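Reviewing the structure listed below.
The values are calculated or read from the model by the stated rules, or taken from the named source; none is laboratory data. Predicted model, so just to flag it, every value in this text is computed and none were measured. Note that each Cβ is placed from the backbone with ideal geometry, even for glycine, and that neighbours are counted across all protein chains shown. In case anyone asks, the SASA skips ligands and DNA or RNA and just uses the protein heavy atoms, side chains included. Shrake-Rupley method; radii C 1.70, N 1.55, O 1.52, S 1.80 Å.
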Amino acid sequence: MKPAAAARALVSAALVVVVPIASATLAATAAANPVISSVAPDPSVQRGADGAFHVHATSDDWGDGAGRRLIPHFRSFDLVEWEYVGDAFAAPPAWAPSGSFLWAPDVHLTATGAVMYYTTGGPAPCIGRATAPDIGGPWAHDPAPIVCHGAPEPYQDLDPMDPEVVVTDAGPVMLMGNFEGIHAVPMNATGTALDGDPVLVAGTGVEAPAVVTRQGRTHLFTSAGLCCDGEASQYRVLGGRADGLFGPYEDRAGRPLVQAPGEPLPGDVILRGDADWVGPGHVDVATDDAGRDWMLYHAAPRGSAVLPSGVQRRYMMLDRLDWVGGWPVVGDGTPSESRPTDPVVALPVRLTAVGEASLRQGDDGEVLDLSVRVASTGSAYSGEVRVTITGPDKRRLELPIVTDAGDLPAVPVSVGAGASVDRPLTLRPAAPLAPGRHELVVSIGAVGGAAQELAVFGLEVAPDGSLSLGSGALGSVPIGSSGS
């Protein structure tokens, strides 16, 4: 379904508000873009020890009353259904200029935890670094930046934005650049400082380097055009390949990505906008359990590309990345309306919504009724279901489940091998729910263990207390969306 067609009518009467819940289906031919219908630009994806995919995105104000999010963090077990986990940071690093925000995160997992590189804003941008015990945080900024605009030799020509760190046998290498040329620079063994001469790997006119090695070749993806020029944005993804990380890179026509002065911009166009989507770009790549690659990127819905605040409405998108004759191909070269298959991810169960949800007045206040379907993907499964809700204040709260034994934080569920079971749930939200957008997350996992699958629903609470699911306007769209 296109974003403009996502509006759904609600029926309300007296104390009952009926909310149709958009659910991911069990069929393989389900989801359409976007997969995160919030402002989630410049995604960096890693798969954590919990088996989930984790995305960190550029800071922005989503226009939902929660203020600026400093590197928002999302989680998914299938690359399609995404949960907003929270913000990586409460504040910028102490060394950054006042009012700085952080963008273009590049996150990595190491033997000792997680590392994030990011860019600070302003007329003299810097690349900073933060570390955490694991990908879920808590994150701590390093006491000083790695490099800033106007650095001394040999880094005086660097454009310290949009970091991409690649770990090689010789040590980490940082790629960076924002329209003034993409450079690759060796780092010290710990990845805390630059430690070598810069090498120009792509010329002017591109930014946001991303590197993938496939079939013995190193592929460099970049983005060209302005990301945030509203409906006029010509942002697009370009590509080239080389025999090694430091190049030289060429496109299919044999044109070097470091173009001579006056020559047109080289690079194969991998993704471009179309009649429905504006400015796709700034990519990362994830691999599913079948070994297939998927490109994550941002794009804005045409006709609604800009928020009232002027911020580009950059949703996160997902499309299959194929390798044809040794070159990357994404569908027809434009964002997909639907995918013939979803990513293949080994999950013990699938969790989806069934029917409608309704908010009603119970004996002890307001309760929310909904039902989820638990489907075995092979063996019999026993676990428990939990529910959380995140409101406009960005706080995540457990939502008690009403049972005959009282309100419980979790309830058991079992399903036979190859079978499915519907599990009705009655939830007791804080009453009344504050006006604004809420994300309702139902998760299933082993008893006392971590989540192994999620179902994510967006609820919009109007000032009069009524609920709805969204249209294409931010503030009435689910934070995490299956796109169905």
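Heavy-atom accessible area with a 1.4 Å probe sorts Phe221, Phe179, largest first, into Phe179, Phe221.
Electrostatic tally near Asp61: other residues with Cβ closer than 9 Å to its Cβ, Lys and Arg +1, Asp and Glu -1, net 0. Other residues with beta-carbon under 15 Å from the beta-carbon of Gly247 carry, at +1 per Lys or Arg and -1 per Asp or Glu, a net charge of -2.
Solvent-accessible area of the stretch 115-188 (1.4 angstrom probe, protein heavy atoms only): carbon and sulfur portion equals 56 percent. On full extension, the segment bounded by Asp274 and Thr110 gains 55.2 nm, given 0.36 nm per residue less the C-alpha separation.
With the cut-off at 1.5 for a/c, could you classify the stretch 328-427 from its C-alpha gyration tensor as rounded, prolate or oblate? Oblate, since a/c reaches 1.5 and b/c is not below a/b. Taking amide H as placed 1.01 Å from N in the peptide plane, the amide H of Ala193 sits under 5 Å from that of Asn188, each at least 5 places away or on another chain.
Taken one residue at a time, the phi angles of the stretch 178-188 give Karplus couplings (6.51, -1.76, 1.60, θ = phi - 60°) of 8, 6, 9, x, 9, 10, 10, 10, x, 10, 6 Hz. Gly and Pro are set to x. Protein heavy-atom accessible surface, 1.4 Å probe, per residue over the chain: 39 Å². Based on C-alpha pairs under 8 angstrom that are at least 6 apart in sequence, the chain has a relative contact order of 18 percent. When the accessible area of the stretch 247-367 is split by element with a 1.4 Å probe, what percent falls to carbon and sulfur? Ligands and nucleic acids excluded, carbon and sulfur reach 49 percent. Sorting 316-328, 42-54 by their mean Cβ neighbour count within 10 Å, with the most densely packed peptide first, gives 42-54, 316-328. Once the mean of 1/r is taken over each pair of separate Cα atoms and inverted, the stretch 116-164 shows a Kirkwood hydrodynamic radius of 11.6 Å. Considering only Val461, Gly406, Leu102, the residue lying farthest towards the positive end of the dipole of the chain is Gly406, judged by Cα position with unit charges set on Cβ. Taking θ as phi - 60° and the Karplus parameters 6.51, -1.76 and 1.60, the scalar couplings of the stretch 151-165 work out to 5, x, 4, x, 10, 5, 9, 6, 10, x, 9, 6, x, 9, 9 Hz in sequence order, x denoting glycine and proline.
An ellipsoid equivalent to the chain, defined through the eigenvalues of its Cα gyration tensor, has semi-axes of 40, 23, 22 Å when rounded to whole angstrom and sorted largest first. Distances over 21 Å make up what percent of all Cα-Cα pairs in the stretch 148-302? For the stretch 148-302, the fraction of Cα-Cα distances above 21 Å is 46 percent. How many percent of the alpha carbon pairs in the stretch 410-458 exceed a separation of 17 Å? Of all Cα-Cα pairs in the stretch 410-458, 49 percent lie more than 17 Å apart. Report the net charge of residues surrounding Val115, where surrounding means a beta-carbon distance below 14 angstrom and charges are Lys +1, Arg +1, Asp -1, Glu -1. Local net charge: -3. About the centre of its Cα atoms, the chain shows a dipole size close to 580 debye [charges on the beta carbon of Lys, Arg (+1) and Asp, Glu (-1) only; nearest 20 debye]. For the stretch 157-233, the alpha-carbon coordinates run over 43, 32, 18 Å along the three principal axes, in decreasing order. Dipole orientation for the chain: of the candidates Val237, Leu158, Leu200, Val237 has the Cα lying most toward the positive pole (charges on Cβ; Lys, Arg +1; Asp, Glu -1). The accessible-area ordering, largest first, of the residues Ser100, Ser420 stands as Ser420, Ser100, per a 1.4 angstrom probe. Principal axis extents of the Cα atoms in the stretch 281-395, from largest to smallest and rounded to whole angstrom, are 63, 49, 25. Pairwise Cα distances in the stretch 98-229 exceed 19 Å for 49 percent of all pairs. Taking all protein chains together, Cys148, Cys126 sort by accessible area into Cys148, Cys126, largest first [probe 1.4 Å]. Per-residue Karplus couplings for the stretch 270-285, computed as 6.51 cos²θ - 1.76 cosθ + 1.60 with θ equal to phi - 60°, are listed in order as 8, 9, 9, x, 8, 5, 10, 10, 10, x, x, x, 6, 9, 9, 10 Hz, Gly and Pro entered as x. Amide H to amide H, with H built 1.01 Å from N, Val201 comes under 5 Å of Ile182, His183, Ala184, counting only residues 5 or more places away or on other chains.
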